[in-house]
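Note sheet for the following structure.
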Amino acid sequence: MDFEEERRRLNPLYGIGLFLIIMVLFIFVFAPLQYHFGMMGLLLTELGLLAVTLLAVRFTGQSFREVFPIYRPRFGQILGTVLLWAGFFLSVMLVTLVSMYFFPEGFLDVSSSMSSMFASIPAFFSFLIVAVSPAICEEAMHRGFIMHTFRGISKDWVAVICIGLIFGLFHLDPYRFLPTALLGMGLAYIMRKTNNMLLPALFHFINNSLSFVSSLGASSVEIEQQSAQLLSDPSFLLLSLGSYLVIGFLAPILLFTGSYFLRKSSGCLKKYSELRLVLTIVG
């Protein structure tokens with residue numbers, strides 16, 4: 001590494017600085033845009049995130065190719081990413097249902113308002129804004145520039161947890177902090193092991209696509225009725241939680257299997273003994 005490369009190497013303070021700038025913009029610019037313009041405001045928010053991120057890369061003198069590495073993924077990496085998403089999805093659903101039991105109003109009010117906003121424009125354009133644009137714009141910010149500034153941290157788990165917490169804080173929703181932080185950790189883990197932006201983007205796309213499709217199944221009136229039922233009858237929520245607990249045993253299996261395929265295809269699978277490998281969930 002020559003002097004110029006060393007001078008341009010960033011530390012996590014740069015990533016945290018970008019995150020703070022984005023949060024200020026979100027409060028004073030992006031949130032008002034979403035309030036007044038709905039889905040169009042959400043699209044402008046995503047494009048704004050991408051623009052600020054690209055400016056940060058340019059301003060700090062970084063290589064766009066290094067900050068946003070894109071390669072054709074191997075089949076094992078794609079399979080591992082999908083399995084990891086499934087494992088994290090089950091884990092996040094369990095955490096969400098437990099949180100909903102204690103804070104039902106906070107969760108259900110947001111769900112109703114989001115569904116109403118999604119239905120305000122044709123489904124195809126809403127899908128592009130909800131599922132496609134975050135997979136590009138938010139990933140460029142979080143798994144791109146911010147995670148690039150954490151590359152000097154040798155411990156994978158430290159970087160993964162930090163990026164996950166930042167992703168949770170980014171959504172500015174205390175009720176959904178834990179679920180989004182967990183998803184952020186999954187996205188950061190994939191990026192750390194593969195160094196390929198396409199794979200966390202795939203994870204993000206699948207997750208948001210499922211959320212969007214599920215929101216199409218019920219109208220805002222039906223969601224409000226379901227919300228009232230949950231609020232008046234906590235046993236209904238406990239029944240849902242029990243159902244997920246029954247299938248929740250699959251989560252560790254999916255996480256382990258997905259991690260195994262991802263690391264093996266990426267050439268970073270450690271030479272564990274067979275017993276230790278079986279006991280490993282996410283290495």
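The values are calculated or read from the model by the stated rules, or taken from the named source; none is laboratory data. Model, not experiment: these values are computed from the prediction. Quick reminder, even Gly has a Cβ in these numbers, built from the backbone with ideal geometry, and neighbours come from all protein chains shown. Ligands, DNA and RNA are stripped out before the accessible areas are found, and what is left, the full protein with its side chains, is counted by its heavy atoms. Shrake-Rupley method; radii C 1.70, N 1.55, O 1.52, S 1.80 Å.
Modelled spin-label separation between Phe125 and Cys268, with each label point placed 7 Å from Cα along the Cα-to-Cβ direction: 4.0 nm.
Counting only heavy atoms of the protein chains and using a 1.4 Å probe, Glu46 has close to 10 Å² of accessible surface.
Rounded to the nearest 0.05, what FRET efficiency do Ile16 and Arg72 give with R0 = 30 Å and r taken as the Cβ-Cβ distance? Could you check? Before the final figure, lay out the partial values.
On the way: r = 32 Å, r/R0 = 1.07.
Once rounded, the FRET efficiency stands at 0.40.
Placing Asp156, Asp173 in order of accessible area, with the largest value first and a 1.4 Å probe, yields Asp156, Asp173. Using protein chains only and a probe of 1.4 angstrom, how many square angstrom of His142 are accessible, to the nearest 10? Probe radius 1.4 Å; accessible area of His142 about 0 Å². Think of each Lys and Arg Cβ as +1 and each Asp and Glu Cβ as -1; about the Cα centre, that makes the dipole of the range 36-186 roughly 560 debye. The figure for Met114 is an accessible area of roughly 80 square angstrom, using a 1.4 Å probe on the protein chains alone.
If you roll a 1.4 Å probe over the heavy atoms of the protein chains, what accessible area per residue do you get for the range 1-99, in Å²? Numbers along the way, then the final one.
Details: 5900 Å² over 99 residues.
Heavy-atom accessible area per residue stands at 60 Å².
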